[in-house]
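**Q** Below is a structure I'd like to ask you about.
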Amino acid sequence: ATANIGVVGLAVMGSNLARNLASREGNTVAVFNRSRSKTDELLATHPEANFVSAFSYEEFAASLTTPRTAVIMVKAGKATDAVIDALVNVFEPGDIIVDGGNALFTDTIRREKAVRETGINFVGMGVSGGEEGALLGPSLMPGGSDESWITLGPILRSIAAVAEGEPCVTHVGHDGAGHFVKMVHNGIEYADMQLIAEAYDLIRRGTGKSPAEIADVFAEWNRGELESYLIEITAEVLRQVDAATGKPLVDVIVDQAGAKGTGAWTVQTALSLGVPVSGIAEATFARSLSSHPEQRAISRSLPGAEEDLEVEDVDAFIEDVRLALYASKIVAYSQGFDEIRAGAAEYGWNIDLGAIAKIWRGGCIIRAQFLNRITEAYAEAPDLAVLLTAPYFVDALGRAQGAWRRIVSTSANAGIPAPAFSSSLAYYDGLRAERLPAALIQGQRDFFGAHTYKRIDKDGTFHTLWSGDRTEIEAEDTH
Ligand code: NBP
């Protein structure tokens, strides 16, 4: 046995991660794929890499020094279970199996529990950054036991992206914590992308600028507080011209957004936890709406706004859009971190929220300057209940809120959908509200279902005898 680490699954992610591992001093990487062709191809195209190929699970286990450490990079779901079962058969207690696929965190919790019973360690690890990240340095979100982290930590630190001198990896928490955090990362990514898309749409429809001109706007934004990978690539996409037609590429791409499901998981989980991730939800639903051409076709004749969007001061309008985007982005991240906090409480994970913001600064899709502000916020107040109440964000929202309100009302008046901008603003105003109409909802619930209510002026639980003489009685708390 000569390999200190192994990779199972050599499609694009696995082969790039194996190459990344092999490129680090001291690593010999055992590689195995269910069908032989991918292994042969990887070895043929990268003869320079320090690989040991295996063509069966037995050979793979035999090629690894103990304790064995293997990263699985296969299609999430049944394939992952099949590989885990096969590895458990050939591994020994003390060995470490890492699942780097996009697993649902509840699957990871289940798998960790089952594998732990064999004495083998199981680590669910979120990997972000796509193919390029896997090769050059991803953002890594490992869960699993403290014991596994002792062995894995140095290896993962050596292959992760580096942001401001620090590797983008931390031990997120036990069992499914890593995949949970990766899921929320993807949810935030959905919101970020939708907000950028709404900003583009408003600028295009409000100013008549061409995609290439709007690319310049985004490139400019990328030099300020919005600096991020997604803003940067937005400029690149908008500048791209279609070779076949000579039109901007964005005008020939079908306007139906796809999704692989992690945004939906983030929202479903948030619903179960009772966390209002409304910006992420709107972004996810906006993709769904776009992907129903038949519904959109029959809805095209619905009455619209009386007035078109007419912008007098183009520069001022663009600055308003920028501020609306920034404010809504703060909301999306605040909601995402709220979900991580709630998930940690529910599943008993000890997650350092500031450290999560740090490891997202490099390698991953939502990498951004802005994440430093989140780390600072949690450094100052680790138990901060609402991220956007940190002083830096209060100040930023104070600067942005006028523009944010103008943009939301302008888009509504002009009949331009800006679901993520407007729902983020509604969330912000909901949080701020001295009193919410939830009091009325409690009254309605008590009326039709005797669900009871609390009073602002005394302790206890109350019910009004709605179908009787409408006097109030003290009641058992039934909700
Ligand atoms: P795919 O998700 O396309 O999976 C293909 C791999 O799964 C192949 O190696 C295939 O082996 C293997 N596999 C399957 Br399918 N069923 C198997 C089974 N029963 N036993 C053993 N192996 C099996 O690969 P990918 O796009 O490289 O992604 C790998 C993982 O990384 C996924 O979980 C994905 O969600 C995650 N991820 C992807 C990205 C990204 O940007 N693409 C980013 C982050 C995470 P075969 O060659 O024999 O068919």
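The values are calculated or read from the model by the stated rules, or taken from the named source; none is laboratory data. Predicted model only: the values in this text are computed from it and were never measured. Don't worry about glycine lacking a Cβ; one is built from the backbone with ideal geometry, like all the others, and counts go over all protein chains shown.
**Q** Is segment 171-179 home to any residue that is under 23 Å from residue 68 (Cβ atoms), of a type in the set (Asp, Glu), touching a residue at least 60 places away in the same chain (Cβ under 8 Å) and more than 11 Å from the ligand (Cβ to nearest atom)?
**A** Scanning segment 171-179, I find at least one residue that is under 23 Å from residue 68 (Cβ atoms), of a type in the set (Asp, Glu), touching a residue at least 60 places away in the same chain (Cβ under 8 Å) and more than 11 Å from the ligand (Cβ to nearest atom), so the answer is yes.
**Q** Of everything in segment 350-396, what is assigned to a loop (DSSP other than H, G, I, E, B) and either within 13 Å of residue 139 (Cα to Cα) or within 17 Å of the chain's Cα centre (by Cα) (or both)? Give them in sequence order.
**A** Keep residues of segment 350-396 that are assigned to a loop (DSSP other than H, G, I, E, B), which gives 350-352, 360-367, 369-370, 381-386, 390.
If the condition is that a residue be assigned to a loop (DSSP other than H, G, I, E, B) and either within 13 Å of residue 139 (Cα to Cα) or within 17 Å of the chain's Cα centre (by Cα) (or both), then 351, 352, 360, 361, 362, 363, 364, 365, 366, 367, 369, 370 are the ones that fit.
**Q** To continue, here is another question. Return yes when residue 130 is within 12 Å of the ligand (Cβ to nearest atom), buried (at least 23 other Cβ atoms within 10 Å of the Cβ) and either under 22 Å from the mean Cα position of the chain (by Cα) or of a type in the set (D, E, K, R) (or both) and no when it is not.
**A** no
**Q** Could I ask something else about it? Within the bounds of segment 312-329, is there any residue that is under 14 Å from the mean Cα position of the chain (by Cα) and modelled with pLDDT of 95 or more?
**A** yes
**Q** Moving to a separate point now. Taking segment 58-78 as the search range and keeping residues that are outside any loop (DSSP other than H, G, I, E, B) and touching a residue at least 60 places away in the same chain (Cβ under 8 Å), which one is nearest to the ligand (Cβ to nearest atom)?
**A** Within segment 58-78, the match that is nearest to the ligand (Cβ to nearest atom) is 72.
**Q** Same structure again: For residues in segment 1-17 being of a type in the set (A, V, I, L, M), under 29 Å from the mean Cα position of the chain (by Cα) and part of a strand (DSSP E or B), which is surrounded by the fewest Cβ atoms within 10 Å (Cβ to Cβ)?
**A** Initial filter on segment 1-17 (of a type in the set (A, V, I, L, M)): 1, 3, 5, 7-8, 10-13, 17.
Filter once more, keeping what is under 29 Å from the mean Cα position of the chain (by Cα): 5, 7-8, 10-13, 17.
With part of a strand (DSSP E or B) added as a condition, the list becomes 5, 7-8.
Working: 5: 25, 7: 30, 8: 28.
Among those residues, the one meeting the criterion is 5.
**Q** Name the pairs: first residue in segment 226-243 and part of a helix (DSSP H, G or I), second residue surrounded by fewer than 17 Cβ atoms within 10 Å (Cβ to Cβ), Cβ to Cβ under 6 Å, at least 6 apart or on different chains?
**A** 235/219; 239/212
**Q** Go through segment 292-332 and give me each residue that's of a type in the set (Val, Ile, Thr) and within 27 Å of residue 228 (Cβ to Cβ).
**A** 311, 314, 318, 321, 330, 331
**Q** If you don't mind, another one. So which residues in segment 454-479 are at pLDDT below 95 and among the β-branched types (Val, Ile, Thr), if there are any at all?
**A** Answer for segment 454-479, where residues must be at pLDDT below 95 and among the β-branched types (Val, Ile, Thr): just 478.
**Q** Scan segment 268-285 and tell me whether some residue there is over 30 Å from residue 385 (Cα atoms) and among the β-branched types (Val, Ile, Thr). It would help to see each step written out before you state the result.
**A** Kept after step one, since they are over 30 Å from residue 385 (Cα atoms), are these residues of segment 268-285: none.
No, every residue in segment 268-285 fails to be over 30 Å from residue 385 (Cα atoms) and among the β-branched types (Val, Ile, Thr).
**Q** Looking at segment 1-16, I want the residues that are under 19 Å from residue 84 (Cα atoms) and have a partner that is part of a strand (DSSP E or B) and near the ligand (Cβ under 8 Å from one of its atoms) with Cβ atoms under 9 Å, at least 6 apart or on another chain. Which pairs are those?
**A** Pairs that qualify, where the first residue is under 19 Å from residue 84 (Cα atoms) and the partner is part of a strand (DSSP E or B) and near the ligand (Cβ under 8 Å from one of its atoms), are 13/127; 14/8.
**Q** Looking at 27, 20, can you tell me which residue is crowded, with 21+ Cβ neighbours inside 10 Å and either more than 8 Å from the ligand (Cβ to nearest atom) or part of a helix (DSSP H, G or I) (or both)?
**A** Just one listed residue meets the conditions, 20.
**Q** Here's a follow-up. List the number of the failed condition for residue 81; all other conditions in (1) more than 16 Å from the ligand (Cβ to nearest atom); (2) surrounded by fewer than 19 Cβ atoms within 10 Å (Cβ to Cβ); (3) not aromatic (Phe, Trp, Tyr) hold.
**A** Going through the list (1) more than 16 Å from the ligand (Cβ to nearest atom); (2) surrounded by fewer than 19 Cβ atoms within 10 Å (Cβ to Cβ); (3) not aromatic (Phe, Trp, Tyr), residue 81 breaks only (1).
Rundown of residues vs (1) over 20 Å from residue 168 (Cβ atoms); (2) surrounded by fewer than 24 Cβ atoms within 10 Å (Cβ to Cβ), yes/no style:
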position: 316; (1), (2): yes, yes
position: 319; (1), (2): yes, yes
position: 331; (1), (2): yes, no
position: 348; (1), (2): yes, yes
position: 363; (1), (2): no, no
position: 367; (1), (2): no, no
position: 370; (1), (2): no, yes
position: 385; (1), (2): yes, yes
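**Q** For residues that are touching a strand residue (DSSP E or B) at 6+ places or on another chain (Cβ under 8 Å), assigned to a helix (DSSP H, G or I) and not small (Gly, Ala, Ser), tally how many sit in segment 129-158.
**A** 7
**Q** Hey, among 91, 55, which residue is within 16 Å of the ligand (Cβ to nearest atom), surrounded by fewer than 24 Cβ atoms within 10 Å (Cβ to Cβ) and over 30 Å from the mean Cα position of the chain (by Cα)?
**A** Of the residues listed, the single one that is within 16 Å of the ligand (Cβ to nearest atom), surrounded by fewer than 24 Cβ atoms within 10 Å (Cβ to Cβ) and over 30 Å from the mean Cα position of the chain (by Cα) is 55.
**Q** Further, regarding this structure: Could you give every pair whose Cβ atoms fall below 9 Å, whose first residue belongs to segment 257-275 and is in contact (Cβ under 8 Å) with a residue 24 or more places away in the chain and among the basic types (Lys, Arg), and whose second residue is surrounded by 14 or more Cβ atoms within 10 Å (Cβ to Cβ) and assigned to a helix (DSSP H, G or I), counting only separations of at least 6 or pairs across chains?
**A** Matching pairs, first to second residue: 260/186.
**Q** Next question. Select from segment 30-49 the residues that are of a type in the set (Gly, Ala, Ser) and farther than 21 Å from residue 155 by Cβ and write down the one among them that is farthest from the ligand (Cβ to nearest atom).
**A** The residue in question is 44.
**Q** Looking only at segment 270-296, filter to residues that are under 16 Å from the mean Cα position of the chain (by Cα) and in a loop (DSSP other than H, G, I, E, B); which one of those is nearest to residue 253 (Cα to Cα)?
**A** 277
**Q** Right, here's the next one. Going through 344, 327 one at a time, which residue ends up being buried (at least 21 other Cβ atoms within 10 Å of the Cβ) and under 30 Å from residue 179 (Cα atoms)?
**A** Values: 344 fails: buried (at least 21 other Cβ atoms within 10 Å of the Cβ).
Going through 344, 327 in turn, just one is buried (at least 21 other Cβ atoms within 10 Å of the Cβ) and under 30 Å from residue 179 (Cα atoms): 327.
**Q** Select from segment 94-127 the residues that are more than 13 Å from the ligand (Cβ to nearest atom) and either within 16 Å of residue 169 (Cα to Cα) or among the aromatic types (Phe, Trp, Tyr) (or both) and list them in ascending order.
**A** If the condition is that a residue be more than 13 Å from the ligand (Cβ to nearest atom) and either within 16 Å of residue 169 (Cα to Cα) or among the aromatic types (Phe, Trp, Tyr) (or both), then 105, 122, 123 are the ones that fit.
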